[in-house]
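The values are calculated or read from the model by the stated rules, or taken from the named source; none is laboratory data. The structure displayed is predicted, hence computed values, not measured ones. Positions of Cβ are generated from backbone atoms using ideal geometry, with glycine treated the same way; all protein chains shown enter the neighbour counts.
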Amino acid sequence: MTMRNTAQPLKLLIVAGARPNFMKIAPLIRAIRVHNNRVRVGRRVGYYLVHTGQHYDKKMSEIFFTELGIPAPHINLGVGSGTHAEQTARTMAEFEPVCLRKKPDWVIVVGDVNSTMACTLVSAKLGYRVAHIEAGLRSFDRTMPEEINRLVTDALADLLLTPSSDANENLAREGISPSKIHLVGNIMIDTLRANLKRIRRTRLADQLKLEPKRFAYVTLHRPANVDDPKSLTLIFRELADLAHHLPVVFPIHPRTHKLLDRRHIPRNREPNLKLLEPIGYHDSLWLTKNALFVLTDSGGLQEESTYLGTPCLTLRPNTERPITIKVGTNKLTRHETLSGDINEIMHGHHPSGKIPKYWDGHTAERILKILLKA
Ligand code: UD1
């Protein structure tokens with residue numbers, strides 16, 4: 001006799017809006033499919049995927065859905081760009097009717113972008129439970145828009161799923177009930193591990209004729225680095241100097257691109273400085289794995305380089321991911337210290353690092369188990 005599965009499925013409303021979100025929802029959706037294929041008597045999981053449209057260019061969004069095998073979103077809210085208030089308000093207004101219509105058991109938000117905070121605010125006010133993946137990270141720098149997003153999201157979320165123990169400590173210090181906090185590990189590493197075998201060598205690596213450990217990979221897009229023309233000019237001068245020593249691969253984020261154009265900052269013609277359009281996940285992973293070092297202000301790259309053991313210099317005064325410094329291969333740098341830090345790496349002096357606890361490729365499964373129990 002076959003048993004009929006009569007339990008109501010658990011209804012998740014998953015939110016993604018900007019580039020760094022896509023690597024964080026892919027493993028969760030995969031874990032849901034695996035669970036549903038296996039479950040006979042227990043509860044199935046249904047999900048509805050909302051793309052807020054914060055990022056909309058093909059190279060900032062669609063390419064990640066294709067490369068990571070994420071099914072097309074059920075709805076795209078098309079909120080687009082704007083000031084923080086405009087983007088947040090548009091996201092809230094567009095998300096509210098979706099939430100009311102879908103009546104989810106849980107709204108799942110990831111990371112720290114404006115979409116994360118906006119959808120959390122809407123859900124909390126409507127009385128829907130919110131689970132935050134990548135909760136508890138703090139840079140303690142409120143000039144960063146992401147820090148405001150993190151604080152608001154974590155204050156309102158019902159389930160705080162953290163990537164590392166420092167995040168648990170931050171949340172405890174903020175008085176959040178321990179019963180809401182679960183150390184689950186880094187979900188981006190699930191994606192990284194699932195894709196490592198697909199990137200033996202990418203077409204981009206061939207086109208640029210890159211040799212492993214003989215180039216630097218650069219990404220810079222934070223307002224603090226690129227919105228100030230003096231800082232942006234200085235960055236381009238430093239990169240041109242570096243390109244005298246080894247090829248420098250720098251895919252330019254649209255925000256950085258726009259500012260270069262608006263301020264008429266000349267891009268250097270140094271042939272070894274390879275300025276590119278934004279690149280996809282597989283190219284970025286190949287570059288991170290094979291670079292001599294990464295120079296970045298991205299949160300994700302600090303973590304990916306730690307996992308891969310690639311030295312990382314973070315051009316920021318602080319990081320919300322201190323574990324990448326304490327345990328991993330990351331080091332903070334400034335314009336004044338950059339050339340010395342690069343020199344050290346070129347002479348082989350950089351800590352080799354270790355992989356933090358639970359950055360093991362099984363974070364999404366742990367999250368799903370917690371959601372099914374909660
Ligand atoms: C956002 C996130 C940041 C994340 C980054 C990754 C917030 C506050 N910031 O910053 O945490 O690290 O994404 O990329 O949520 N643009 C395009 N095409 C697009 C998207 C943006 O041209 O598809 C341009 C627009 O001119 C826009 C600018 O980039 O005004 C900035 O985009 P926005 O989403 O506001 O912030 P990001 O700098 O991308």
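Here are the numbers for the structure shown:
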| quantity | calculated |
| --- | --- |
| Test: residue in the stretch 205-217 that is surrounded by fewer than 18 Cβ atoms within 10 Å (Cβ to Cβ), touching a Leu at 6+ places or on another chain (Cβ under 7 Å) and at positive phi | yes |
| Sole exception among (1) touching a helix residue (DSSP H, G or I) at 6+ places or on another chain (Cβ under 8 Å); (2) within 16 Å of the ligand (Cβ to nearest atom) for residue 262, by number | (1) |
| Entirely in the stretch 128-209, the helices (runs of 4 or more DSSP H) that have 2 or more residues that are within 16 Å of the chain's Cα centre (by Cα) | 145-156, 187-196 |
| Filter pass, residue 39 being free of Cβ contacts under 8 Å to residues at least 60 places away in the same chain, among the hydrophobic types (A, V, I, L, M, F, W, C) and not assigned by TED's automatic domain parsing to the domain that holds residue 203 | yes |
| Qualifying positions in the stretch 72-108 - within 16 Å of the ligand (Cβ to nearest atom), surrounded by 14 or more Cβ atoms within 10 Å (Cβ to Cβ) and assigned to a helix (DSSP H, G or I) | 87, 88, 89, 90, 91, 92, 94, 95 |
| Filter result for residue 294 (of a type in the set (A, V, I, L, M), within 22 Å of the chain's Cα centre (by Cα) and more than 16 Å from the ligand (Cβ to nearest atom)) | no |
| Unique residue being within 25 Å of residue 363 (Cα to Cα), buried (at least 17 other Cβ atoms within 10 Å of the Cβ) and not basic (Lys, Arg) when the list is 53, 111, 69 | 111 |
| Odd one out for residue 228, checked against (1) at pLDDT below 95; (2) in contact with a helix residue (DSSP H, G or I) (Cβ under 8 Å, 6 or more places away or on another chain); (3) within 15 Å of the ligand (Cβ to nearest atom) | (2) |
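Per-residue answers, yes or no, for (1) without any contact (Cβ under 8 Å) to a residue 60 or more places away in the chain; (2) on the phi > 0 side of the Ramachandran plot; (3) exposed (fewer than 15 other Cβ atoms within 10 Å of the Cβ):
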| position | (1), (2), (3) |
| --- | --- |
| 254 | no, no, no |
| 258 | yes, no, yes |
| 264 | yes, yes, yes |
| 270 | yes, no, no |
| 277 | no, no, yes |
| 281 | no, no, no |
| 288 | no, no, no |
| 292 | no, no, no |
| 295 | no, no, no |
